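The values are calculated or read from the model by the stated rules, or taken from the named source; none is laboratory data. If you're wondering where the values come from, they're calculated on a predicted model, not measured in any experiment. Using ideal geometry, Cβ is built from the backbone for each residue, glycine included, and neighbour counts are taken over all protein chains shown. Accessible surface areas use protein heavy atoms only, side chains included; no ligands, DNA or RNA. Shrake-Rupley method; radii C 1.70, N 1.55, O 1.52, S 1.80 Å.
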Amino acid sequence: MTDRWSAHAQAYHESDAHTAGADLDLIVDWAEGETALDVASGGGHVARRLRDAGFDVVTVDPSPGMQADVRSTADELPFADGSFDVVATRIAPHHFADVPAAMREMARVARRLVVVVDNLNRGEQVEEAERLRDPTHVRNYSEAEWRALFGEAGLDVEALDVIETTIELEPWLARADCRGEEAQRVRALVRELIADGRLSMTRIAIKGRKR
Ligand SMILES: C[S@@+](CC[C@H](N)C(=O)[O-])C[C@H]1O[C@@H](n2cnc3c(N)ncnc32)[C@H](O)[C@@H]1O
């Protein structure tokens, strides 16, 4: 899993789907305090924005090529309880094998807030396309599932936003090395979401406060 990510690290640093977006603005708006942890930091876009806003940020990611400050998966974070005012993770939990464990860990190392941004579940056809495009895709969750995950981790949902956006289709396929017939199959599965070479995406952003 991690080698696959490392091979495409540069693409994740540069991709239009990751470098900008209303969801990044929201993370900065919601964050409070002085210290933050960016979990599954990838190209480091959350960390960059929080640093620009004055936060002292640590990045954590399991893939060597992402060059995070700390190398670890989200379900066993090597930090003491309450180490960071804000713990954020963006466009990544759909790759985690154990999201409930990751949520418990993020809540444990947070002092105040956990903020999650991820792609929203849009039905089995899109899930099939996601898995075909990228075998590291585990599952996108629905709003109800996210609310339950926050509650089970001891977090009260204080704010929630659903954000519609579009990303370039072909770089999205290339980032996951999805080519040829497989790419054709993916394009067919998501055809209703494609317009002018762009794929519509729906992201959910949730702010949870520790009880
Ligand atoms: C799409 S990228 C993250 C994007 C980044 N957060 C951003 O805002 O641009 C997904 C990241 O999840 C990481 N990842 C995959 N499985 C993980 C796991 N179980 N725990 C933590 N990170 C994981 C990968 O190494 C990769 O860097």
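Of (1) out of contact with any Leu (no Cβ under 6 Å at 6 or more places or on another chain); (2) open to solvent by 30 Å² or more (accessible area, probe 1.4 Å), Arg90 satisfies all except one. Which?
All conditions pass for Arg90, except number (2).
Can you tell me which residues in region 62-74 are within 6 Å of the ligand (Cβ to nearest atom) and either under 13 Å from the mean Cα position of the chain (by Cα) or open to solvent by 50 Å² or more (accessible area, probe 1.4 Å) (or both)?
Listed by number, the residues that qualify are Thr73, Ala74.
Looking at (1) within 9 Å of the ligand (Cβ to nearest atom); (2) surrounded by fewer than 22 Cβ atoms within 10 Å (Cβ to Cβ), which one does Gln10 not meet, given that it meets all the others?
Failing condition for Gln10: (1).
Just checking, how many residues over region 103-137 are in a strand (DSSP E or B) and among the small types (Gly, Ala, Ser)?
Residues in region 103-137 being in a strand (DSSP E or B) and among the small types (Gly, Ala, Ser): 1 in total.
Find all pairs meeting these conditions: Cβ atoms under 9 angstrom apart; at least six residues apart or on different chains; first residue within region 153-177 and closer than 15 Å to Thr202 by Cα; second residue in a loop (DSSP other than H, G, I, E, B) and open to solvent by 40 Å² or more (accessible area, probe 1.4 Å).
Thr166/Asp196; Glu168/Gly197; Leu169/Gly197
Give me a count of the residues in region 138-155 that are in contact with a helix residue (DSSP H, G or I) (Cβ under 7 Å, 6 or more places away or on another chain), open to solvent by 10 Å² or more (accessible area, probe 1.4 Å) and assigned to a loop (DSSP other than H, G, I, E, B).
4
Only residues that are without any contact (Cβ under 8 Å) to a residue 12 or more places away in the chain and near the ligand (Cβ under 6 Å from one of its atoms): list them for region 27-44, please. Give the derivation first.
Pass one, region 27-44, residues without any contact (Cβ under 8 Å) to a residue 12 or more places away in the chain: 29.
Listed by number, the list is empty, since nothing qualifies.
Let me spell it out: the conditions are (1) farther than 30 Å from Glu181 by Cα; (2) of a type outside the set (Gly, Ala, Ser); (3) more than 15 Å from the ligand (Cβ to nearest atom), and Glu128 meets all of them except one. Which number is the exception?
(1)
So for region 52-61 (the condition being outside any loop (DSSP other than H, G, I, E, B), touching a residue at least 40 places away in the same chain (Cβ under 8 Å) and near the ligand (Cβ under 8 Å from one of its atoms)), does at least one residue qualify?
Within region 52-61, not a single residue is outside any loop (DSSP other than H, G, I, E, B), touching a residue at least 40 places away in the same chain (Cβ under 8 Å) and near the ligand (Cβ under 8 Å from one of its atoms).
Check region 79-87 and report whether any residue there is open to solvent by 20 Å² or more (accessible area, probe 1.4 Å), assigned to a helix (DSSP H, G or I) and modelled with pLDDT of 95 or more.
Within region 79-87, none of the residues are open to solvent by 20 Å² or more (accessible area, probe 1.4 Å), assigned to a helix (DSSP H, G or I) and modelled with pLDDT of 95 or more.
May I ask you to list the residues in region 95-123 that are open to solvent by 10 Å² or more (accessible area, probe 1.4 Å) and near the ligand (Cβ under 9 Å from one of its atoms)?
Of everything in region 95-123, those that are open to solvent by 10 Å² or more (accessible area, probe 1.4 Å) and near the ligand (Cβ under 9 Å from one of its atoms) turn out to be His95, Phe96, Ala97, Asp98.
Taking region 86-107 only, how many residues are within 12 Å of Phe150 (Cα to Cα) and of a type outside the set (A, V, I, L, M)?
Looking only at that region, the number is 3.
Any idea which of Ala20, Ala47 is more than 18 Å from Asp134 (Cα to Cα), open to solvent by less than 30 Å² (accessible area, probe 1.4 Å) and more than 8 Å from the ligand (Cβ to nearest atom)?
Going through Ala20, Ala47 in turn, just one is more than 18 Å from Asp134 (Cα to Cα), open to solvent by less than 30 Å² (accessible area, probe 1.4 Å) and more than 8 Å from the ligand (Cβ to nearest atom): Ala47.
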